[in-house]
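> Handing you this structure, nothing more for now.
The values are calculated or read from the model by the stated rules, or taken from the named source; none is laboratory data. Please read all numbers here as calculations on a predicted model, not as lab measurements. No Cβ is skipped: glycine too gets one built from the backbone with ideal geometry, and neighbour counts run over all protein chains shown.
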Amino acid sequence: MHSALRPPFPYRRTLLATALVLAGTAQSAELVDMTGRRVQIPDRVDRIFAATPPIVPLVYAIDPGKLVTLSFPFQPEDAVYVPPAVMKLPIVGRYTGEGPPPNPAILAKAAPQLTIAWDMPFIDATRVEDSFRWLGTPGLFVHLARLADYPAALELVGQAIGAEARATQLANAIREAMTRVEQAVGTIPDGERKRVYFAEGPEGLLTECADSFHAEVIGLAGGENVMDCKTQAMCGREKVTLEQLKTLDPDAILTDDARFLARVKTDPTWGELRAVREGQVHLAPTKSFNWLGRPPSFMRALAIQWFANRLYPERFPWDADLEITSFYGLFLGVTSDVVNVRDILGQG
């Protein structure tokens, strides 16, 4: 990987300034989480409860063997990339997003030593902290809404579970990816940026406003989200009509739903849009974590490279086979002989 070229992202300085402080015994240490809470961490952590969906991939990247539950099921086709032990973990529920809240009985049986949760305005932090108490585990809050949050979050969790070197390696890879893309597309004038519509759902008529973290990849890759609106709920998925889209007439369409891609190819109404006529409808990969989100994850560091190349191939030339294989090896621990790039990109 190339060396990082830009200064640390938000929270990096805070974490370094409040680095590991001994708590007075050899059995525990004190960390300052990303909300400023001081948390006593056991000397050894082998069992982690990921209290909110984005924490699952965060912990998975550092050490999947430390997860004791999941917030969502993996799909059968993910099995080639996910260890069997992780595929079989119990689905415990979630504190945010779509689905039931965590199941106390499953959690008690899982016996976690540390709970990690996502801190953001849409989540009831008091309710999550209550789970820290009744589980009897220390709890860390991390910020994960934006890709720029991930390096610091990785480093914090790495400190907590004794995997500092691994976490730093991953954090630097994300910094480097963001820097490379920014250097390539950051100087494009506003009036020359490709205008992008993010199509969600099988009909393609759900979307994300420009301020939504769900659509962050568009802006980071140098595009302009055509939906100039304000996000009303954490889950997003704002409704839009095809007539609105005809007026907006985006240069490109980004989707993570293969059903919508199939529809676009055969529906003459969608064919009236410039993006469809010019073959600029791009399906983001979803194996084994969705590259765009739901839940948000480090996969966005790969997504911004892929999408910047789709939008501006002359500005950001990119070897998909090399970069995807390398990224899956680093973040997911998948060997090169297992990574099927054509399948991942939906070209198989």
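> Say whether the condition of being closer than 20 Å to Ala145 by Cα, in contact with a helix residue (DSSP H, G or I) (Cβ under 6 Å, 6 or more places away or on another chain) and not assigned by TED's automatic domain parsing to the domain that holds Phe331 is met by at least one residue in region 224-246.
Yes, there is a match, as at least one residue in region 224-246 is closer than 20 Å to Ala145 by Cα, in contact with a helix residue (DSSP H, G or I) (Cβ under 6 Å, 6 or more places away or on another chain) and not assigned by TED's automatic domain parsing to the domain that holds Phe331.
> Residue check, Leu245 against (1) hydrophobic (A, V, I, L, M, F, W, C); (2) within 30 Å of Thr52 (Cβ to Cβ); (3) not in a loop (DSSP other than H, G, I, E, B), all met but one. Which one?
Leu245 satisfies all of (1) hydrophobic (A, V, I, L, M, F, W, C); (2) within 30 Å of Thr52 (Cβ to Cβ); (3) not in a loop (DSSP other than H, G, I, E, B) except (2).
> Further question on the same structure: Residue check: is Thr269 at pLDDT 90 or above, crowded, with 19+ Cβ neighbours inside 10 Å and out of contact with any Cys (no Cβ under 6 Å at 6 or more places or on another chain)?
no
> Out of the strands (runs of 3 or more DSSP E) lying entirely within region 102-201, which hold 2 or more residues that are in the same structural domain as Ala61 (by TED's automatic domain parsing) and within 18 Å of the chain's Cα centre (by Cα)?
114-118, 139-142
> For region 275-290, name all the residues that are more than 21 Å from Arg195 (Cβ to Cβ) and either touching a residue at least 60 places away in the same chain (Cβ under 8 Å) or over 8 Å from the mean Cα position of the chain (by Cα) (or both).
Pro285, Thr286, Lys287, Ser288, Phe289
> Out of region 219-239, which residues are assigned to a loop (DSSP other than H, G, I, E, B) and among the hydrophobic types (A, V, I, L, M, F, W, C)?
Hits for region 219-239 are Ala221, Val226, Met227, Cys229, Ala233, Met234, Cys235.
> Mind listing whichever residues of region 194-220 are of a type in the set (Lys, Arg) and out of contact with any Gly (no Cβ under 6 Å at 6 or more places or on another chain)?
Arg195
> Select from region 110-124 the residues that are out of contact with any strand residue (DSSP E or B) (no Cβ under 7 Å at 6 or more places or on another chain) and at pLDDT below 90 and list them in ascending order.
Met120, Pro121, Phe122, Ile123, Asp124
> Further, regarding this structure: Which residue out of Arg294, Arg310 is among the basic types (Lys, Arg) and at negative phi?
After ruling out the rest, the residue left standing is Arg310.
> I'm trying to understand the selection: among the residues of region 318-340, which are in contact with a helix residue (DSSP H, G or I) (Cβ under 7 Å, 6 or more places away or on another chain) and not β-branched (Val, Ile, Thr)?
The answer is Trp318, Ala320, Asp321, Glu323, Phe327, Leu330, Phe331, Ser336.
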